[in-house]
Amino acid sequence: MDNTTYEFFIRRCWDCDRFKHGANTDTWEDLLVKHYNFKHANVGNFILTKKEFEKKLEQVKAYLDKAYNKLITTATKKKVNPKTIEQLTESRTAVAASSEPKEIFNSLKASFTLMNSNDL
């Protein structure tokens, strides 16, 4: 999974620089490391690694939720096709419900396709 996809998604939604609104490749990388540690934890540190992963996951999902809100607001103002807005809303919901970085990444990639085809 490409770390820049996460950062560029947020930067594009907010039209901002790096480090604003959670737009930082290190945030995504940290999530992947914590996910790996959680999935490969031994009995002794399982609870700690699970807690660390869940905390980082919630942080990333919060950044993405705000970015999706901004994107959907922009799409609505630009009078983008309602079906596209519905698809973006579905991606936002999928990200919020996800517990796996791979699922989040796939939603972001799908959203980029919609953003590119609708000049968002």
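Please treat every number below as a calculation from the coordinates, not as lab data. Worth saying up front: this structure is predicted, and the values here are computed from it rather than measured. Neighbour counts are summed over all protein chains in view; Cβ atoms, including those assigned to glycine, are modelled from backbone coordinates with ideal geometry.
Worth pointing out:
- Net charge dipole, the chain: roughly 280 debye, given to the nearest 20, about the Cα centre with Cβ charges of +1 for Lys and Arg and -1 for Asp and Glu.
- Of K20/K61; K20/K83; K61/K102; K20/K50, pairs whose Cα-Cα distance is over 23 Å: K20/K83; K20/K50
- Chymotrypsin sites (Phe, Trp or Tyr not before Pro) restricted to DSSP loop in segment 17-120 with at most 15 other C-beta within 10 Å: F19
- Candidate aspartates and glutamates - alpha carbon under 12 Å from K70, same-chain residues fewer than 8 apart omitted: D15
- Acute angle (nearest 10 degrees) that the helix 101-117 long axis makes with the longest principal axis of the chain, alpha-carbon atoms: 10 degrees
- Of interest is the spacing of the C-alpha centroids, which for segment 1-60 and segment 74-91 amounts to 26 Å.
- Vicinal HN-Hα couplings computed from phi for segment 21-33 (Karplus, 6.51 cos²θ - 1.76 cosθ + 1.60; Hz; Gly/Pro x): 6, x, 7, 7, 4, 5, 5, 5, 4, 4, 4, 5, 5
- With a simple spin-label model that places each label point 7 Å from the Cα along the Cα-to-Cβ direction, the separation between K51 and E29 comes to 2.6 nm.
- Restricted to Cα atoms, segment 27-120 shows a radius of gyration and a Dmax of 15.7, 54 angstrom.
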